[in-house]
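For reference, the structure discussed in these notes is given below.
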Amino acid sequence: MTMNTTIEAQALLSEHKTFAKKPGLGWILKVVLLAFVFCIGLYALALQIIQGHIITGMRDNVVWGVYIVNFVFILGLSYAGALLAGIFHLARVEWAKPLQRILKLITVFSLMIGPFYILLCLGRPERLFNLFLYPRIQSPIIWDVIAIVTDLIFCIVYMYFTYIKDFALLRDNAEFLHLSKWRQKLYRFLAMGYQNTPEQAKTLNQALDIMAAIIIPTTIIAYSLLAWLFGMNLKVGWHSSIFAPFFVLSAVYSGVALLIVIMWVYRKAHKIEKALNDEHFIYLGFALLVLSLFYGYFYFSDYITDWYNMQKTYNLLWHKYFDFSQYGYHFVISVFVVAFLPMIVIGFPWFRSINSIALTSLLVLGGLWMMRYLMIVPVLETPYLPIQDVRPDWVHYSATWIEWSLTLAGVALFILLFVLVSRLAPIVPVSEMLEKKGENKLVIFYKTQQKLAAKKQKPAARPNHVYSITLFLLALLLGGTGALAQKKTKTRLKAYYEKLPDNYKQLTFMLIKGSGKQMSGVAGAGIKLTLLNQEGEVPLTTLTTNAAGEALLRIEPGYSLPVDEKGYTVIMARYAGHDSLKAAKKKLKFMDLTLDLAFAVVDSVKQITAAAYQFDSLGNKNPVPGLKLSIGVERLYSNLYLQKVKTGTDGTVTIEFPDDIPGDSTGAITVIARVNENKKFGTVTKTARINWGTVVDYTIVANGRSLFGDEAPLWMIISVFIILSGAWFHFILAIVKVLRIKKLVPSEIRSTQANSK
């Protein structure tokens with residue numbers, strides 16, 4: 001029979017026909033608010049593209065931050081949605097039929113939004129096309145790109161297949177639902193002539209089975225590839241064989257939590273308690289409980305393995321997790337929420353309710369996001385080799401408003417897509433629910449008709465939009481008053497003096513607001529500099545801070561700044577403050593110091609001599625004894641210091657130079673002598689080149705296991721080809737089966753449609 005005009009169908013459509021109504025003022029305000037948040041993110045993106053990553057919290061040490069956390073977390077949601085939808089479909093789980101559409105929407109929207117966060121980490125996003133022009137099959141990054149693109153295509157098509165029955169249902173009940181003409185044409189086109197004949201139903205179910213069967217392994221492989229991007233790295237905290245199954249488990253965990261939250265929102269907003277009943281929350285709540293137990297087991301296994309590792313870097317990393325001045329609170333709270341809270345709330349009946357399960361799921365989502373943050377940021381703040389002579393604000397990561405606004409923009413876009421798609425078709429698959437057995441939909445239909453008749457007799461009161469708008473304006477007024485009444489934020493000025501190897505003098509001023517991990521630079525602020533001497537203050541210049549809150553003044557070699565009676569140059573930096581920021585000032589005192597490097601070979605022993613001295617007013621050299629110096633060689637990521645020594649009474653110090661320091665292809669190396677943040681002299685650096693290094697041939701001989709190899713190994717090419725070929729073959733087979741639906745339209749219906757045209 002053609003199911004689409006039965007009384008049972010109209011009964012269910014009556015319960016879920018809010019999608020067909022004209023949008024009200026509340027819906028429009030919701031869309032406008034979400035679009036506004038998204039536009040703020042676009043503005044932040046434009047600033048980041050124009051000014052560069054300097055306006056974010058990412059630096060050379062912590063090269064990843066909130067963007068990568070969002071990328072990993074959101075992709076986990078997408079893979080979880082696809083995995084759960086595929087399993088529910090193949091296992092023919094009847095009670096899960098109303099959840100299928102939400103799961104597929106989570107999958108597609110997450111896959112659309114998540115990959116953009118990885119693009120935000122690129123300093124040169126315009127070069128992205130090179131990934132496709134010059135792919136390296138042996139690179140896990142290429143694997144991930146292929147997996148994400150493949151999964152996105154599969155999931156979009158799979159989601160459309162599941163909509164076909166509902167499109168046909170809406171097409172045939174257009175008059176009952178009072179649908180507009182454009183909706184009728186759209187549903188007629190998307191339904192592909194589906195009439196629920198036995199042949200059509202069998203063909204469509206076969207296509208759905210094929211898609212579900214290929215999506216399950218595709219999602220597992222895709223998220224495992226993302227885990228391997230971390231696990232194949234030798235970095236402490238990432239190099240683990242447990243990462244792939246751990247990622248898949250956490251993805252399913254977060255997916256179930258998000259599903260519960262969305263179910264709760266739609267159940268409250270659209271009054272669909274019959275479709276999303278208490279049974280769904282209880283079942284998914286227990287699934288959440290079981291997943292929390294597995295998650296706690298995996299996390300403890302990873303922790304106990306690292307705890308027994310005696311390497312210093314492991315100790316430093318886990319110290320960060322347990323130090324309450326660093327990440328201790330984040331770690332303890334997130335572990336409690338993720339691993340223990342579901343056991344308490346869902347495991348004990350007196351705590352268990354629909355609202356408590358939904359609230360727990362929301363907290364679990366936040367905890368899992370924080371676990372991703374702890375997996376990435378503290379690890380990057382713990383380098384395998386200690387980085388020396390680096391400012392703390394360059395080592396420690398703190399996200400800026402740019403990153404947070406782009407994060408909220410992604411969340412707003414996710415919700416906005418749900419809101420818009422909910423206007424296209426019911427959020428629960430009505431056609432699937434019609435196939436459920438044991439429900440007397442005829443009774444439901446008559447009850448619904450009675451309610452509709454009662455509403456017609458007594459017109460419903462219009463919603464009091466004046467009341468809503470008044471509350472909205474009152475909230476804005478209170479918020480604005482609170483903002484005006486709030487205290488000014490404390491600011492702090494930092495000042496550094498550095499003499500560079502080319503004898504330039506550089507003065508760096510940093511204006512910071514906030515405290516702790518909430519510190520951030522103040523951009524566009526004016527820093528007024530004055531020179532302090534015996535006659536008073538002499539105005540020098542006014543600097544403007546950049547996006548990171550820094551202002552630089554560089555003084556050319558040979559230019560001597562005035563000094564006081566003790567030989568100090570004293571500069572006062574002042575920030576006048578702002579409506580919301582307090583004023584700040586900082587005095588910078590320094591003396592001019594000169595470093596020299598000399599090289600000699602005595603009895604076949606290579607020696608480096610460093611000399612530190614000052615010039616007096618007559619141009620005489622005065623040695624500086626007892627000065628702490630670091631002498632070493634420049635390396636790619638950090639200077640390799642050989643010794644830290646003090647100058648003698650003559651202002652010099654001599655050290656032996658090892659014979660096994662690698663140089664370039666000619667043996668040349670750069671020797672460096674450095675005074676680091678001395679109270680008198682600031683930071684002074686001197687470099688010199690000499691051919692004392694060992695000659696190194698940097699021609700890389702690649703093998704089949706190297707990422708930088710010229711060619712991918714044959715076994716890898718064959719494996720990728722087999723996997724992709726198998727997946728795409730079944731994908732095309734499913735599409736071919738769905739296209740046959742039009743050919744299976746009964747002849748009498750086809751002739752009726754032709755006559756009507």
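The values are calculated or read from the model by the stated rules, or taken from the named source; none is laboratory data. Please read all numbers here as calculations on a predicted model, not as lab measurements. Don't worry about glycine lacking a Cβ; one is built from the backbone with ideal geometry, like all the others, and counts go over all protein chains shown.
Return the residue satisfying two criteria in turn: it lies in region 483-517 and is in a helix (DSSP H, G or I) and among the aliphatic types (A, V, I, L, M), and of such residues it is modelled with the highest pLDDT. It would help to see each step written out before you state the result.
Narrowing region 483-517 to residues in a helix (DSSP H, G or I): 483-485, 516-517.
Now drop any that are not among the aliphatic types (A, V, I, L, M), which leaves 483-485.
Details: ALA483: 42, LEU484: 42, ALA485: 45.
Among residues in region 483-517 that are in a helix (DSSP H, G or I) and among the aliphatic types (A, V, I, L, M), the one modelled with the highest pLDDT is ALA485.
For PHE331, state whether it is surrounded by fewer than 20 Cβ atoms within 10 Å (Cβ to Cβ) and modelled with pLDDT of 85 or more. Can you show your working first?
Values: surrounded by fewer than 20 Cβ atoms within 10 Å (Cβ to Cβ): no; modelled with pLDDT of 85 or more: yes.
No; evaluated as a whole, the condition is false for this residue.
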### Task
Please find, within region 173-184, the residue that is farthest from the chain's Cα centre (by Cα) out of those that are in a helix (DSSP H, G or I) and either among the aromatic types (Phe, Trp, Tyr) or within 14 Å of ALA425 (Cα to Cα) (or both).
PHE176
### Message
Which residue is farthest from the chain's Cα centre (by Cα), if the candidates are limited to region 188-224 and must be aromatic (Phe, Trp, Tyr) and part of a helix (DSSP H, G or I)?
### Response
PHE189
### Query
Is there a residue being surrounded by fewer than 16 Cβ atoms within 10 Å (Cβ to Cβ) and in a helix (DSSP H, G or I) anywhere in region 105-125?
yes
### Message
Which of the strands (runs of 3 or more DSSP E) found entirely inside region 529-609 contain at least 2 residues meeting this: among the β-branched types (Val, Ile, Thr) and surrounded by 16 or more Cβ atoms within 10 Å (Cβ to Cβ)?
### Response
569-575
#### Entry: Close pairs from region 532-545: first outside the structural domain of GLY521 (by TED's automatic domain parsing), partner surrounded by 11 or more Cβ atoms within 10 Å (Cβ to Cβ) and of a type in the set (A, V, I, L, M), Cβ under 7 Å, at least 6 apart
none
### Query
Does region 251-268 contain any residue that is modelled with pLDDT of 80 or more and over 26 Å from TYR79 (Cα atoms)?
yes
#### Entry: Unmet requirement for ALA227, which otherwise passes all of (1) within 21 Å of ALA339 (Cβ to Cβ); (2) in contact (Cβ under 8 Å) with a residue 40 or more places away in the chain; (3) not in a loop (DSSP other than H, G, I, E, B)
(2)
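Of the residues ALA147, ALA168, which is under 35 Å from the mean Cα position of the chain (by Cα), part of a helix (DSSP H, G or I) and touching a residue at least 40 places away in the same chain (Cβ under 8 Å)? Please lay out each step first, then the result.
On the way: ALA168 fails: under 35 Å from the mean Cα position of the chain (by Cα).
Result: ALA147 is the single residue among ALA147, ALA168 that is under 35 Å from the mean Cα position of the chain (by Cα), part of a helix (DSSP H, G or I) and touching a residue at least 40 places away in the same chain (Cβ under 8 Å).
Yes/no matrix, rows are residues, columns are (1) basic (Lys, Arg); (2) over 19 Å from LEU374 (Cα atoms); (3) surrounded by fewer than 17 Cβ atoms within 10 Å (Cβ to Cβ); (4) at pLDDT below 90:
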{"site": "VAL31", "(1), (2), (3), (4)": "no, yes, yes, no"}
{"site": "CYS39", "(1), (2), (3), (4)": "no, yes, yes, no"}
{"site": "ALA46", "(1), (2), (3), (4)": "no, yes, yes, no"}
{"site": "ILE50", "(1), (2), (3), (4)": "no, yes, yes, yes"}
{"site": "HIS53", "(1), (2), (3), (4)": "no, yes, no, yes"}
{"site": "ASP60", "(1), (2), (3), (4)": "no, no, yes, yes"}
{"site": "PHE71", "(1), (2), (3), (4)": "no, no, no, no"}
### Summary
Of (1) within 35 Å of the chain's Cα centre (by Cα); (2) over 15 Å from TYR496 (Cβ atoms), ASP564 fails just (1)
### Task
Would you mind telling me which numbered condition in (1) without any contact (Cβ under 8 Å) to a residue 12 or more places away in the chain; (2) closer than 30 Å to LEU434 by Cα ILE106 fails?
(1)
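Which ones in region 187-207 are under 30 Å from TYR79 (Cβ atoms) and of a type outside the set (Ser, Thr, Tyr)? So that I can check it myself, show each step before the final result.
Filtering region 187-207 down to residues under 30 Å from TYR79 (Cβ atoms) leaves 190-192, 194, 201-207.
Scanning region 187-207 gives LEU190, ALA191, MET192, ALA201, LYS202, LEU204, ASN205, GLN206, ALA207.
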### Query
So which of GLY682, GLY704 is at pLDDT 85 or above and surrounded by 11 or more Cβ atoms within 10 Å (Cβ to Cβ)?
GLY682
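Just give me the residues in region 20-73 being not basic (Lys, Arg) and not in a helix (DSSP H, G or I), in sequence order.
Step one: of region 20-73, the residues not basic (Lys, Arg) are 20, 23-29, 31-58, 60-73.
Selection gives PRO23, GLY24, GLY52, THR56, GLY57, MET58, ASP60, ASN61, VAL62, VAL63, TRP64, GLY65.
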### Query
Out of all the residues in region 248-258, is one or more β-branched (Val, Ile, Thr), assigned to a helix (DSSP H, G or I) and within 19 Å of the chain's Cα centre (by Cα)?
yes
### Message
Residues that are not hydrophobic (A, V, I, L, M, F, W, C): list the helices (runs of 4 or more DSSP H) wholly contained in region 310-374 that include at least 3 such residues.
### Response
312-322, 328-335
